[in-house]
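Have a look at the structure below before the remarks.
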Amino acid sequence: MPVQIIVGAQWGDEGKGKIVDHLSEDVDIVARYQGGANAGHTVVVPTKTPSGITTKEYVLHLIPSGIFHKHVTCVIGNGVVIDPVALMAEIGQLQALGINIKGRLLISHNAHLIMPYHKLLDSIREQGDQKIGTTGRGIGPAYIDKYMRIGIRVVDLLDRDVLCKKLKRNIEEKNELLSKVYHSQELNVDTIISEYQEFDKKIDEYVTDTSEFLNNALKKKKKILAEGAQGAFLDVDHGTYPYVTSSSPTSGGACTGLGIPPTAVNSIVGVVKAYSTRVGNGPLPTELNNEIGERLRKIGGEYGATTGRPRRCGWLDLVSLRYSVRVNGIQKIAITKLDVLDEFEEINVCVGYKHKGKSIRNFPTDVQTLESIEPEYRTFKGWLTKTSDVRSYAKLPVQARKYIEAIQSLLKTKVWMVSVGARRDQTLLVR
Ligand code: GDP
Ligand code: IMO
Ligand code: MG
């Protein structure tokens, strides 16, 4: 297994952090390929205490979810946009836990930096009437600068003169926008320069050519896990545009975001939550604005890991998932949060869409159509049995297996793993 890509197959928050942490046991390297601190990947780790082993929950935003495994090297790839404040906070938290980061964290010299003005512009933009419901982490404005070819990269921190020149130009431009268009406070060049130079000193030891590192690792037959953030329907090309993020969470993004060739990839795993959730605006065809949706939110603890916002909830949507399987080339599925459905007498799965009275089979990515479709459901009998203590797939209640096997057959894709809780031991392999 040279490179295995782990993608969110829906709207993000599928449980990628849990699955990546679980799979990290058997890999050498875990590499994040896109997004930034908009991601919130939760990992639940066993922890020793004087009274025995307990578990602790950690939310990672930029550092790959393999960091809790000592033997794993973690890479932040060139496709990621790095917020120095968020990164330093995360490194600090991990070091406070006694986790050794030195020599285990590598940051791409080509990754772009989130600057204070990106966060400011993100929040100002969201005050308008075409709100996306972003995480406010400056992601969109940072990727705008990247594609405008005026972005500041990690490598720019090395040369004070280059940094000053680029920053001055950018800040002057942004100040004009901030004061003239948004009537907002202007930014101070010198303050930003000194803050980022301070950051440079702290991250210098981690910075390297991560593409070269990964390609050398491939030559040595090391196992690499490419960790996606967000999910397929938040992809800037393939998602529900404009209600998307500004990067490519789909599997194609892994190669550009890490500088590895597509020929190195031999496995693509889609992480699928047993129902649907979405944070922020935009269509969610199976959304339940009722008591059932509230039950899913409550039992599933569906509140954003980054912003704490309540996640919108609905039934599983196989029409959109068929599209996700196709666009990502998903070969195997990891279904998460099956246990959340334990208490439901009936469980619906969307198997078709109706638009203006006509059935449509393919997932429409234009928002106008998506917002006016009627989902068609197939109803499954609930299993009404606690699954979080089950430790083998064969021991799951029959109805739960029927639910999983129906997903497998309707998606024509193998279900490889089923998760029945946030902990590592609550992961069942489907043989
Ligand atoms: P990610 O962004 O895809 O990594 O997902 P998040 O961490 O944002 O959200 C997933 C949430 O579900 C986290 O709180 C996880 O601890 C939790 N979780 C993951 N897998 C399971 C599961 O199988 N069952 C339950 N009940 N919770 C899970
Ligand atoms: P993980 O990796 C769920 C959503 C935001 C918003 C849209 C654009 O934890 O699955 P952005 O700040 O990226 O410009 O916001 O994307 N969003 C996520 N939703 N999980 C995430 O990450 C998300 N990252 C961004 O809510 O709708
Ligand atoms: Mg998340």
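What follows draws every value from the coordinates through simple rules; no lab data is involved. Quantities reported herein were computed from a predicted structural model and do not represent experimental measurements. Ideal geometry is used to build each Cβ from the backbone, glycine not excepted, and the neighbour counts take in all protein chains shown.
With θ taken as phi - 60° and the Karplus curve 6.51 cos²θ - 1.76 cosθ + 1.60 applied, the whole-hertz 3J(HN,Hα) list for the range 138-153 is x, 5, x, x, 5, 5, 4, 4, 4, 7, 7, 6, 10, x, 10, 9 Hz, x standing for glycine and proline.
When peptides 47-57, 74-84 are sorted by average Cβ neighbour count within 10 Å, with the highest value leading, the order is 74-84, 47-57.
Around the Cα centre of the chain, unit charges on the Cβ atoms of Lys, Arg, Asp and Glu (plus for the first two, minus for the last two) sum to a dipole of about 1340 debye. The convex hull built on the alpha-carbon positions of the chain has an orientation-averaged projected area of 21.6 nm². Taking only Cα atoms of the range 301-431, what ratio of Rg to Rh do you get with Rh as the Kirkwood inverse-distance radius? Taking Rg over the Kirkwood Rh, I get 0.98. Sorted on the mean count of surrounding Cβ atoms within 10 Å across their residues, most packed first, peptides 400-408, 178-186 read 400-408, 178-186.
Its relative contact order, with pairs defined as Cα atoms under 8 Å and 6+ residues apart, puts the range 112-206 at 25 percent.
For the range 112-206, the Cβ-based charge dipole about the Cα centre amounts to some 260 debye (Lys, Arg positive; Asp, Glu negative; other atoms uncharged).
Between VAL155 and HIS355, take the C-beta separation as r, use R0 = 60 Å, and let me know the FRET efficiency to the nearest 0.05. It comes to 0.80. Relative contact order for the chain: 20 percent, from Cα pairs under 8 Å spaced at least 6 residues apart, divided by residue count.
Placing pseudo-labels 7 Å out from each Cα toward the beta carbon at LYS402 and CYS164 gives an inter-label distance of 7.3 nm. Going from the residue with the fewest nearby Cβ atoms within 10 Å to the one with the most, VAL340, VAL236, VAL351 rank VAL351, VAL236, VAL340.
Where both bridge residues fall in the chain, DSSP classifies roughly 45% of the beta bridges as antiparallel. Note on ARG391, ARG104: ascending count of other Cβ atoms within 10 Å places them as ARG391, ARG104, the fewest first. With the cut-off at under 13 Å, measuring from each backbone N in the range 117-133 to a point 7 Å along the Cα-to-Cβ line of TYR182 picks out 117-128.
Sorted ascending by nearby beta carbons within 10 Å, beginning with the fewest, ARG32, ARG424 become ARG424, ARG32.
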